[in-house]
Amino acid sequence: MDDGIDAIFTKAKQGRALFQDRSALSPEFIPDHLPFRESQISNIAQVLGTALHGSKPSNLLLYGKTGTGKTAVARLVVRKLQNQDDSKQILATYVNSRIAGTEYRTLFKIAEALPLEEDKRIPLTGLSISEVVGRIFESIAKNGIHFVLILDEIDYLVNSEHETLYQFTRAGEQVAPGFLTIVGISNDLRFKEALDPRVLSSLGEEELVFPPYTTEELRSILAERAKAAFKPGVVPESTINLCAALAGSEHGDARRAVDLLRIAGEVAEREGHQSVDEECIRKASQKVERDRVEEALQSLPLQNKIIIIAASKFPGGTNTGEVYLAYSNLARKSSAEVLTQRRVSGILAELDVLGLVEAAVVSKGRRGRTKRIKVLIDNETLARVIGEDAGLLDLA
């Protein structure tokens, strides 16, 4: 085994390095120039610019599909806003609510950006939500902070029983003489429909919809990123074109396009190629798709995972009633609440939209129509994700 490892490392040393700055293709990289988003950048800058003379900017809601530049634009504008702040009173932070995982951890990440006193710092666990919110507001007020909070995937806070989002949008006098401005980001174009009217009226003071990129726009973006990330001559134009076409067919997702190019470069290096060819892009596309499915599955609530496990018991597909019977047994086995058949049917429809199950309506002649449910996740991926969740191990 050691000889095999040495052989891999020897091959890596002898191979040609194709990247000159791999970070230019990382998800965290925010370029100084974001083409085809000049209008959105200008609008957000005009809204947030009032902070430079001590006035609270309106809250912003940015929404559009994944990979349309919402996060990159928001972070770029806020970074430049802070660079222009001579008073150094403007603090900002970025938190992805889904990655944080829970409401408490989202607040913990927010608090990390603030100058809390030693005895007011937030522990990883142990405080009530109201106490954490109170300490955040107290720090903003006491230090007169002009706080800009970018909340990505804000959807994950919408159904909070503690109404944290409502409290944040109505902070007002609680944080004076400082202020709190929220830049909320959602991938769901119907996000507003789920908002409490009280939250919507204050969160959506300014709204921007980010349209998908066209294939030609993606090609231009990729060419610019490739120039920064790779050594000269490594990425031919045909590779850029294929990468843009594949991502363009996925609703203009620039994030997917950049990921494709990065992974294709890594494939080319591992296989000892002198350039990133079209075959590398195709291999990268297969890997990105597997990773997308796995990430989507990992982020699902417990009930959704149990429903998928139940449906996976029928490899050839089955009807909603059979899935519900299997789900009910698994839910009881896991001590989870047993949802109604109507709710399970609704969740199956949501999983269909995500591409994790197929819920096709089929005709049964005189007996009417029914849904044919079939899991679209391969057994290996499903087993791996279930294996990572201790609460699901006995259900597989």
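Computed values, structure above
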| read-out | value |
| --- | --- |
| Enumeration of residues in region 32-69 that are surrounded by fewer than 13 Cβ atoms within 10 Å (Cβ to Cβ) and either among the small types (G, A, S) or under 26 Å from V175 (Cα atoms) (or both) | S39, S42, Q46, H53, S55 |
| The one condition in (1) in contact (Cβ under 8 Å) with a residue 60 or more places away in the chain; (2) crowded, with 19+ Cβ neighbours inside 10 Å that L189 fails to fulfil | (2) |
| Selection status of D259, assigned by TED's automatic domain parsing to the domain that holds R219, among the acidic types (D, E), at pLDDT 85 or above and surrounded by 22 or more Cβ atoms within 10 Å (Cβ to Cβ) | yes |
| Residue among R256, R219 that alone is over 22 Å from I44 (Cβ atoms), in a helix (DSSP H, G or I) and within 20 Å of the chain's Cα centre (by Cα) | R256 |
| The one condition in (1) in contact with a helix residue (DSSP H, G or I) (Cβ under 9 Å, 6 or more places away or on another chain); (2) within 21 Å of F179 (Cα to Cα); (3) not basic (K, R) that Q20 fails to fulfil | (2) |
| Failed condition for P197, given (1) more than 17 Å from T68 (Cβ to Cβ); (2) in contact (Cβ under 8 Å) with a residue 24 or more places away in the chain | (2) |
| Selection within region 222-250 - part of a loop (DSSP other than H, G, I, E, B) and either under 22 Å from S26 (Cβ atoms) or in the same structural domain as L189 (by TED's automatic domain parsing) (or both) | K231, P232, V234, V235, E250 |
| From T215, T239, residue being closer than 30 Å to V353 by Cβ, β-branched (V, I, T) and at pLDDT below 95 | T215 |
| Which numbered condition R75 misses (of (1) part of a helix (DSSP H, G or I); (2) surrounded by fewer than 14 Cβ atoms within 10 Å (Cβ to Cβ); (3) among the basic types (K, R)) | (2) |
| Matching residues, region 121-143, being within 18 Å of V175 (Cα to Cα) and of a type outside the set (A, V, I, L, M, F, W, C) | R121, S130, E131, G134, R135, E138, S139, K142, N143 |
| Residue match in region 151-159 (condition: in contact (Cβ under 8 Å) with a residue 24 or more places away in the chain, surrounded by 23 or more Cβ atoms within 10 Å (Cβ to Cβ) and not in a helix (DSSP H, G or I)) | yes |
| Condition met for S139 (over 23 Å from I44 (Cα atoms), out of contact with any Leu (no Cβ under 8 Å at 6 or more places or on another chain) and of a type in the set (S, T, Y)) | no |
| Those residues of region 272-287 which are assigned to a helix (DSSP H, G or I) and surrounded by fewer than 21 Cβ atoms within 10 Å (Cβ to Cβ), in sequence order | E278, E279, R282, K283, S285, Q286, K287 |
| Filter result (among the aliphatic types (A, V, I, L, M) and part of a helix (DSSP H, G or I)) within region 288-309 | V288, V293, A296, L297, L302, I306, I307, I308, I309 |
| Selection status of E269, among the acidic types (D, E) and either modelled with pLDDT of 90 or more or surrounded by 16 or more Cβ atoms within 10 Å (Cβ to Cβ) (or both) | yes |
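Condition check ((1) assigned by TED's automatic domain parsing to the domain that holds L76; (2) in contact with a helix residue (DSSP H, G or I) (Cβ under 8 Å, 6 or more places away or on another chain); (3) at pLDDT 90 or above) across all residues:
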| position | (1), (2), (3) |
| --- | --- |
| K109 | yes, yes, yes |
| E112 | yes, no, yes |
| G126 | yes, no, no |
| E131 | yes, no, yes |
| F147 | yes, yes, yes |
| V158 | yes, yes, no |
| E161 | yes, no, no |
| A176 | yes, yes, yes |
| L189 | yes, no, no |
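The values are calculated or read from the model by the stated rules, or taken from the named source; none is laboratory data. Owing to the predicted nature of the structure, the values given are computational and were not obtained by experimental measurement. Reconstructed Cβ throughout: ideal geometry from the backbone, glycine too, with neighbour counts over all protein chains shown.
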